[in-house]
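Below: the structure, in structure tokens.
The values are calculated or read from the model by the stated rules, or taken from the named source; none is laboratory data. Keep in mind that this is a model prediction, so the values were computed, not measured. Here Cβ is always computed from backbone atoms with ideal geometry, including for glycine, and neighbour counts include all displayed protein chains. Accessible surface is based on the protein model in full, side chains and every heavy atom, while ligands, DNA and RNA are left aside. Shrake-Rupley method; radii C 1.70, N 1.55, O 1.52, S 1.80 Å.
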Amino acid sequence: MLRLLPTNWEKTGKTKAPVAKAIDFYTHPENLPKVHPGFVKEVKVLGNEGGVIKIEQQAAMLGRKLRSVNTLTFDKAANTFRVDTLEGDGKGSKISMALKELPDGTEVKYSASMELGPLGFFAKGPAKGQFERTVDEDMAAMD
């Protein structure tokens, strides 16, 4: 069976928000449809145990409806969030957000390893554009 390699991207954003406000932003995934209305259509929180939030997310890209179940894990010692796609579209994808306190706000380094599936060649450009827009929209929402 042919195994496709994940597509990797990185982007760093900066916000005027302090680290505590950035942490609060990421720990409320139910707000994603308001922050990313062109992409995220619905988020249901399925559970929140031991610092791990499990969500079901409905999204849309390239006229296609996407569904995934993800976990969001916060590593307080490293000020890092990790999103793992457990099932659905993009299963196996991983995104991390590393927060760094700055004198005038917070820097967030996003790293993504995306499983785009058999149509990855065609989805790569639009998916990268959505990834970059997501970082920009997150920073704007935190400001």
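Quick notes on this structure:
- Taking the Cα centre of the chain as origin and assigning +1 to Lys and Arg Cβ atoms and -1 to Asp and Glu Cβ atoms, the resulting dipole is close to 400 debye.
- In the chain, the DSSP-assigned H stretches of four residues or longer account for a calculated mean residue ellipticity at 222 nm of -7500 deg cm²/dmol, using -39500 (n - 2.57) per stretch and the full residue count as denominator.
- Exposed loop sites here mean trypsin sites (Lys or Arg not before Pro) with a DSSP loop assignment and at most 10 other beta-carbon atoms within 10 Å; the chain contains its longest site-free run at 4-75.
- Accessible solvent surface per residue of the chain, calculated while the other protein chains remain in place, 1.4 angstrom probe, Å²: 60 Å²
- Here the gap between V45 and K109, fully extended at 0.36 nm per residue and compared with their Cα-Cα distance, gives a gain of 20.6 nm.
- Sorted largest first by accessible area at a 1.4 angstrom probe radius, with every protein chain in place, the residues I55, I23 fall in the order I23, I55.
- E30 sits among other residues whose Cβ lies under 14 Å from its own Cβ, and their net charge, with Lys and Arg +1 and Asp and Glu -1, is +1.
- Potential extension, R67-D24 segment - 0.36 nm per residue separation minus Cα distance: 13.0 nm
- Placed amide H near A17: partners under 5 Å, 5+ positions off or other chain: T106
- Solvent-accessible area, 1.4 Å probe, carbon plus sulfur percent, for the chain: 56 percent
- Approximate spin-label separation L102-E10, in nm, with each point projected 7 Å along Cα-to-Cβ: 1.7 nm
- Karplus 3J(HN,Hα) series, Hz, for segment 18-26 with 6.51 cos²θ - 1.76 cosθ + 1.60 (x for Gly, Pro): x, 3, 4, 5, 5, 4, 4, 4, 5
- Pairs over the 18 Å Cα-Cα cut-off, from the set K14/K109; K11/K41; K44/K124; K11/K128; K16/K100: K11/K41; K44/K124.
- Among L116, L46, L5, the sequence by solvent-accessible area, most first, with a 1.4 Å probe is L5, L46, L116.
- For segment 9-126, taking Cα atoms only, Rg and Dmax work out to 14.5, 44 Å respectively.
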